[in-house]
């Protein structure tokens with residue numbers, strides 16, 4: 001009888017560990033995707049401005065403004081989304097416990113934690129092109145350095161996302177890389193066209 005109980009306990013522990021790992025993997029994957037968003041958004045903005053203005057200060061200021069605005073937007077969006085989920089789960093737990101006040105709040109998602117994590121992930125990605133451009137004065141070299149740094153980061157983020165999502169690493173990395181390149185190329189191209197005709 002005791003051995004049977006021990007087996008049940010072991011199974012429960014294994015299920016708990018698997019659940020915890022799954023939750024952690026989801027958080028990590030969301031963080032990688034947030035960092036990828038920050039990387040692509042900031043780099044595309046910098047490339048767009050770089051299409052019409054070669055000044056390093058203007059490019060860096062644009063990138064920094066995009067990083068801050070994007071991080072704030074991500075944080076607010078995540079806070080609102082998770083708070084909505086929090087309210088739903090809290091109401092569900094109250095119904096299941098017969099309307100009692102104790103709803104085991106530690107099991108509920110934290111909107112503040114989600115908002116901070118989202119902003120931080122976006123900022124980590126966004127800092128890559130900013131750091132790449134900071135110390136390069138020559139315009140063409142700066143563009144090349146940004147492209148190289150962003151390409152490397154896109155491959156790393158694509159690979160990490162694939163590993164955490166249990167997807168094929170090469171295909172995932174290529175999708176992320178091509179998507180990032182397209183975002184930068186489109187932003188650069190359209191800004192160049194508008195700059196030539198409007199400025």
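The values are calculated or read from the model by the stated rules, or taken from the named source; none is laboratory data. Everything numeric here is computed off the predicted structure, so don't read it as measured data. Because the Cβ atoms are built from the backbone with ideal geometry, glycine has one as well, and the counts that use them run over all protein chains shown.
Computed quantities for the displayed model
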item	result
Options 43, 75: the member that is within 18 Å of the chain's Cα centre (by Cα) and modelled with pLDDT under 95	75
Failed criterion for residue 197 (all others in (1) closer than 19 Å to residue 36 by Cα; (2) loosely packed, with under 13 Cβ neighbours inside 10 Å; (3) modelled with pLDDT under 95 hold)	(1)
Unique match (being under 16 Å from residue 30 (Cα atoms) and either surrounded by 15 or more Cβ atoms within 10 Å (Cβ to Cβ) or out of contact with any helix residue (DSSP H, G or I) (no Cβ under 8 Å at 6 or more places or on another chain) (or both)) among 152, 147, 160, 177	160
Pairs, first surrounded by 13 or more Cβ atoms within 10 Å (Cβ to Cβ) in segment 73-91, second not in a helix (DSSP H, G or I), C-beta under 7 Å, six or more apart	82/109; 85/109; 86/108; 86/109; 89/108; 90/103; 90/108
Any hit, segment 44-59, residues being surrounded by fewer than 16 Cβ atoms within 10 Å (Cβ to Cβ), free of Cβ contacts under 8 Å to residues at least 60 places away in the same chain and touching a helix residue (DSSP H, G or I) at 6+ places or on another chain (Cβ under 9 Å)	yes
